[in-house]
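Notes follow once the structure below has been shown.
The values are calculated or read from the model by the stated rules, or taken from the named source; none is laboratory data. As the structure is a computational prediction, the values presented were derived from the model and not from experiment. Ideal geometry is used to build each Cβ from the backbone, glycine not excepted, and the neighbour counts take in all protein chains shown. For the accessible areas, the whole protein counts, side chains as well, though only heavy atoms, and no ligand, DNA or RNA atoms are used. Shrake-Rupley method; radii C 1.70, N 1.55, O 1.52, S 1.80 Å.
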Amino acid sequence: MRASLLILLLLTVGKVAFSQSSMDNSMLFKDFIAYIDENSDYRFSYPDDIKNKRLIINERININDPDSFKEFLESAGIAIKVRKNLLIFKKVKVFEEPVISEQQNEVQNRVVSGFVRDGNSGESLIGAHVIDIATGRGVTTNLYGFFSLTLTGDTIEVSFIGYEPQRIVAKPGVSDYEFGLIPSTKMLSEVVITSEREIHEVTEMSKVTLQPEKIKKLPVFMGETDVMKTLQLLPGVQSGNEGSSGIYVRGGGQDQNLILLDGVPVYNANHLFGFFSVFNADAINQVSLIKGGFPARYGGKLSSVIDIQMKEGNMNEFEGEGAVGLIASKLTLSGPINQGKTSFMVSGRRTYIDALTVPLMKWSGADRVFGYNFWDLNAKINHIANPKDRFYLSFYSGRDKFYNDYKFNQIADINEKEHSNINWGNITSAFRWNRRFTDRLFGNLTATYSRYRFELETILDYNYGESVESPDLYRENDYFSNIQDLGVKMDFDYFLNNNHQVKFGVNAINHQLKPGISSFRSHTETDTTFGSTKVDLNEFYAYLEDEFKLFNSTSLNVGLHFSGAEVASRNYFYLQPRISLNQKVAKNWSVKASYARMAQYIHLLVNSGVGLPTDLWVPSTDLVKPQVSDQIALGVASTFIGMEVSVEGYYKWMDNLIEYKEGAGFLDIDSEWEHKVEFGKGDSYGVELFVQKKVGRSTGWVGYTWSKTTREFPNLNFGKPFPYRYDRRHDISVVYNYELNKRINVSGVWVYGTGNAITLPTASIPKATWDSSGPSYEEFVKQYPGRNSTRMQDYHRLDLSISFKKQKRWGERSWVFGVYNAYSRQNPTFIDFDDTKPNEKQFKKISLFPIIPNVSYQFKF
Amino acid sequence: MRRLLYIICAVFIAQSCETPIDPKLPENGSDVVVYSFYRPDSRIQMDVFNAIPILDVNSFQRLENLEVRLNVNGDFQEVLLEENGSYISSILPEEGDTYSFELMSEDGLVSASSYIPESVEILNATLSRELVDINIGEYGYPAEVTFQDPAGVSNYYSLEVFVEECSVGCSNQTIEGELNEVLIEDLDVDTGGTTDVIIGGGPEAIDGFRYLYFEDDSFDGEVFTFNFYIIPTILNFDRSDDVKVRFVLKSLTKEYFDYLVTSDYQLTLEEEGSLSEPVQISTNINNGMGVFAGYNYNVYSLQP
């Protein structure tokens, strides 16, 4: 309809005066043909691949004179031949850039720059597509919504998924533009025109971006929306144990994920032993996951980059949202401090498990009372100082707390007290200064602070009277481990032209690690401090990357990441080449390939692999070398019938991985952690299929992964390779969301995975206790022939949810009802060998979560 | 930390379930289990058992009527003599020599090889007659043993304490008396997060150990003094002070040490109910389980 109207205007009114408004003078070739077909007797012949060519029609044309079409067709690279009433359109083979009209020539190679933001809230839109209509080429906005476009025509179109596209005609002499896109109200309509660059057009591979609004529509565990659990549903990403939010990407460990919150590393992303992640979805603007083909700007971890951007705060009006769930409540507020200049966002969440359980335990007269809670707080202020400078200050703090008190004095002469208190959590903060140096050069200075700390305090105080034959006992122990980062980095985006986007920068971080320090007092011991000493590790990197079009159908992202670390007297340096290639092979189809080398200077020593807060961050040292990985990936990507499809194969090999020694920690008079670890290597390879529908009433995706992951340590598993704990041959996720109408939304998630690899005993053997006086065989030990050599049962689960939304005078409210594990599948969490009764030995499967319903009340104003 | 985990799990387990299952276990390989720890001046003794499938309720059986061939430095020496279910050599092993065995079982040839390392001399040992209170609420006699660790090689040690009652005369034998349990109190940060005083098997371990073992990672080539406590069981100065205490410092081969570490740690983890990866028992037996290892020793006697 819009196309018809435009043609009508052009054909009847003639030359149209354009202003910087939504009115435009362009249309797709197919719309043009449709109009001619409807209003003339011409027949047509044209190749399929010019259907979506965009035509710029500035001059008056006569529908009965096909020669008048020539000029604007040639501009789009299309030739026309007229044979009686047959119009033959052909793609001009030599065509690379459109022929530029005299009028356009005036603005040739003009550079315009600016920002793309949400028109209502002022939030930066990351990855919005800004195109020069004349060439059809464009750029995407960076993390701060900035773009720089070399304009050969005069019309710019800006689009972003979920927003109405906006088109303007660039005014002569004006190079600074601020786009405020309006969220689309047509989400329920049959088709919503998309907008961002489609998957086959993007050079990067192995990358998925999620919007919190989509994440929030999916079923959740116990009513808590969880970003990390949504990432688990993507191909190439394995979840840990049942209910855990830990993620394992392409055979990597949990410590190999670079989790960035507003550019600041987060070292422990788990609450409640991984059942929830620390990221409050209400405070998040966007989440990106990169599994391979890492651009040179990222480094420091081997397996993935999870880049989370917090919301900036509404620049224009005060708003809020929140939720009351079964275990936690949360509230987010944002608004202007100085309208259009300064905004804030603050978001908090707290659980109330202990508020219910502790009074109950006290009331029942229990000797032992314990409680648990966690909270987190996100805050951000952003300030636009002038059109060139902008400042951000962001902060996150989260804390888990477990406490346990025991008191026994019911019997005379016995007075026993115990107290333990366990706290762990992160603090991150970042100060960022954006500056647009020129229309082509954008810079960002970031100063960061990040700390993860685990603390444990235990007090034991037993006092006995004379009637009890036992000595008094007192022990007090304070233990803590932490990792603390202070960092500064400078990143630049240089938009050389629409074909070259260059990024470069430097980063320096001081890591301060205290891998386990304790102070001890007792009835026999005065204050004693012991444990591993503080270690400083200074890490730096510099990078340069260029994303460019080599040919019209070939784009590349080539970069170099050079990093180094200094610890004690030892220096490590790694040059890490990165390359990604996108070769368009057919309409809407491209082949992609990538190679990336990564180095990691800090490691996580895990006790169990289930993501406990006690897992220790340790640095590279003389003895412990940095972990290194290489990854190659090859895939195809396409967009058709409104869906994105990608198939990727990868092979990753990792070196200098560390694990605890067999028997480490037991009767080990040498407390240095370095002597308790083994070094080895790992391999992972697999194929991933990802089909995603992003727009329309039905959205969702299907992900399938076939993969194989092994580890090999000379001193573990008798030197033989063994499957990684989360090695899963098959992994499937089906995610579906359907908007029944403006009020009701239903969604479902089904997951399937090959059972976890597990180490089980196969035989009992006598244990030799052979001292100098002779042998004895009084005890038994178990024979484990191979680490992770047995498989648990396959895992599958269905989660469902339905939400009812209603507009109220004050805003909007939703009731969300959900069910986790809808068909109550008894999935194994672990397998226990029970030999307490010698005549009834058996293996037992422990299933933690049967069907679990949840309800939450959400509101927005 | 463990308690916290249990509590969290218990909350969920309240509505979860346990189901007996029969997992498909991998092949175990050979079922032959061989144990032999030999030293100079004492005949080699080998005990050979069969492993029991994990769900089997039968008890262990010694494997009899086997032909066990002993080689010294690669040359055939003798077929071991079967005696009370064990296989015994006629020769006395010597320091520095390498010994190996071969036996044919239903699962094929089983073999292993080891040697007797050099002994390390105890330079000094002391023992206090005063009983002290240990942090865990246990009592013990403080003792220490000093020795020079050979430099440039990895050394593995085990320490045992023998107590001989001398009221009717003391023996001059190198190792005589009853083995007395000992404790080591090592203030350490437990990497598992269960921070407390690490005493042998952990805070709960109050029974002591028959032996203490350690390696020289942190004191390679140094004169090292090892501090520990002797539990007042056999050695008890309140009952009798006419005793001879023998400190036996064993120099172990790596295979012996690894077996001790892994077999003890496996049991410890099971007792704790730890979520850690189960410990595989170290072995140097080809096509079998167990360990065939030499050791040497040095004795320091005290008559406090």
Looking across region A:725-746 at residues that are open to solvent by 40 Å² or more (accessible area, probe 1.4 Å) and under 23 Å from A:Val249 (Cβ atoms), the single one that is farthest from the other protein chains (Cβ to nearest Cβ) is A:Val734
Could you check how many residues of region A:827-856 are open to solvent by 30 Å² or more (accessible area, probe 1.4 Å), within 29 Å of B:Ile52 (Cα to Cα) and either touching a Ser or Thr at 6+ places or on another chain (Cβ under 7 Å) or not in a strand (DSSP E or B) (or both)?
8
So the check is Cβ under 6 Å with 6+ separation or different chains; which pairs have a first residue in region A:470-484 that's without any contact (Cβ under 8 Å) to a residue 24 or more places away in the chain and a second one that's surrounded by fewer than 17 Cβ atoms within 10 Å (Cβ to Cβ)?
A:Ser470/A:Tyr464
Contact list, first residue from region A:28-46 and outside the structural domain of A:Ser75 (by TED's automatic domain parsing), second anywhere and among the acidic types (Asp, Glu) and open to solvent by less than 80 Å² (accessible area, probe 1.4 Å), beta-carbon distance below 8 Å, six or more apart or interchain, is none
Of the residues in region A:645-667 that are within 14 Å of chain B (Cβ to nearest Cβ) and open to solvent by 40 Å² or more (accessible area, probe 1.4 Å), the one that is modelled with the highest pLDDT is A:Glu659
Which condition breaks for A:Gly755 when tested against (1) assigned to a strand (DSSP E or B); (2) surrounded by fewer than 18 Cβ atoms within 10 Å (Cβ to Cβ)?
(1)
Going through (1) over 14 Å from the mean Cα position of the chain (by Cα); (2) open to solvent by 20 Å² or more (accessible area, probe 1.4 Å); (3) farther than 20 Å from A:Arg451 by Cα one by one, A:Asn285 fails only at (1)
Exactly one condition in (1) of a type in the set (S, T, N, Q); (2) in contact (Cβ under 8 Å) with a residue 60 or more places away in the chain; (3) not assigned by TED's automatic domain parsing to the domain that holds A:Gly340 is false for A:Asn314; which is it?
(3)
Scan region B:142-156 and give yes if some residue there is within 23 Å of B:Val33 (Cα to Cα) and either under 20 Å from the mean Cα position of the chain (by Cα) or open to solvent by 10 Å² or more (accessible area, probe 1.4 Å) (or both), otherwise no.
no
Going through region B:218-237 in order, the residues found to be touching a residue at least 12 places away in the same chain (Cβ under 8 Å), part of a loop (DSSP other than H, G, I, E, B) and out of contact with any Leu (no Cβ under 7 Å at 6 or more places or on another chain) are B:Phe219, B:Asp220, B:Gly221, B:Glu222, B:Thr233, B:Ile234, B:Leu235, B:Phe237
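Can you name every residue in region A:747-763 that is within 9 Å of chain B (Cβ to nearest Cβ) and in contact (Cβ under 8 Å) with a residue 24 or more places away in the chain?
A:Ile758, A:Thr759, A:Leu760, A:Pro761
Residues are listed down the side, and each one gets a yes or a no for (1) free of Cβ contacts under 8 Å to residues at least 12 places away in the same chain; (2) farther than 19 Å from A:Leu233 by Cβ:
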| position | (1), (2) |
| --- | --- |
| A:Tyr777 | yes, yes |
| A:Arg787 | no, yes |
| A:His796 | no, no |
| A:Ser803 | no, no |
| A:Pro828 | no, yes |
| A:Ile831 | no, yes |
| A:Glu840 | yes, yes |
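Go through A:Phe722, A:Phe690 for me and flag whichever is touching a residue at least 60 places away in the same chain (Cβ under 8 Å), within 14 Å of chain B (Cβ to nearest Cβ) and open to solvent by less than 60 Å² (accessible area, probe 1.4 Å).
Details: A:Phe690 fails: within 14 Å of chain B (Cβ to nearest Cβ).
When all the criteria are applied, what remains is A:Phe722.
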Has region A:181-189 got any residue that is open to solvent by less than 10 Å² (accessible area, probe 1.4 Å) and either at pLDDT 85 or above or at positive phi (or both)?
yes
Among the residues of region A:233-243, which ones are buried (at least 24 other Cβ atoms within 10 Å of the Cβ), of a type in the set (Gly, Ala, Ser) and part of a loop (DSSP other than H, G, I, E, B)?
A:Gly236
Candidates B:Leu267, B:Leu275, B:Leu260, B:Leu235, filtered to the one that is open to solvent by less than 20 Å² (accessible area, probe 1.4 Å) and within 23 Å of A:Lys767 (Cβ to Cβ):
B:Leu260
Take region A:324-337 and flag every residue that is more than 30 Å from A:Asn434 (Cβ to Cβ) and either among the basic types (Lys, Arg) or open to solvent by 10 Å² or more (accessible area, probe 1.4 Å) (or both).
A:Val324, A:Gly325, A:Leu326, A:Ile327, A:Ser329
Quick one: A:Leu623 ticks every box in (1) open to solvent by 10 Å² or more (accessible area, probe 1.4 Å); (2) within 13 Å of chain B (Cβ to nearest Cβ); (3) not in a loop (DSSP other than H, G, I, E, B) except a single one, so which number is it?
(3)
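Go over the candidates B:Gln45, B:Gln61 one by one and state the one that is touching a Phe, Trp or Tyr at 6+ places or on another chain (Cβ under 8 Å), open to solvent by 20 Å² or more (accessible area, probe 1.4 Å) and within 10 Å of chain A (Cβ to nearest Cβ).
Step by step, each of B:Gln45, B:Gln61 is checked, and only B:Gln45 is touching a Phe, Trp or Tyr at 6+ places or on another chain (Cβ under 8 Å), open to solvent by 20 Å² or more (accessible area, probe 1.4 Å) and within 10 Å of chain A (Cβ to nearest Cβ).
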Please tell me if A:Val591 is open to solvent by 20 Å² or more (accessible area, probe 1.4 Å), of a type in the set (Val, Ile, Thr) and at pLDDT 95 or above.
yes
Set A:Gly505, A:Gly487, A:Gly516: member being within 14 Å of chain B (Cβ to nearest Cβ) and part of a strand (DSSP E or B):
A:Gly516
Candidate set: region A:251-268, residues that are within 13 Å of the chain's Cα centre (by Cα), open to solvent by 10 Å² or more (accessible area, probe 1.4 Å) and at negative phi; chosen: the one farthest from the other protein chains (Cβ to nearest Cβ)
A:Leu260
In this structure, does A:Asp67 turn out to be open to solvent by less than 40 Å² (accessible area, probe 1.4 Å) and either at pLDDT 75 or above or not assigned by TED's automatic domain parsing to the domain that holds A:Phe318 (or both)?
no
Looking only at region B:92-136, which residues are among the β-branched types (Val, Ile, Thr) and closer than 19 Å to B:Tyr35 by Cβ?
B:Thr98, B:Val110, B:Ile116
For region A:203-232, what are the residues that are assigned to a strand (DSSP E or B), under 30 Å from A:Thr554 (Cβ atoms) and out of contact with any helix residue (DSSP H, G or I) (no Cβ under 7 Å at 6 or more places or on another chain)?
A:Lys207, A:Val208, A:Thr209
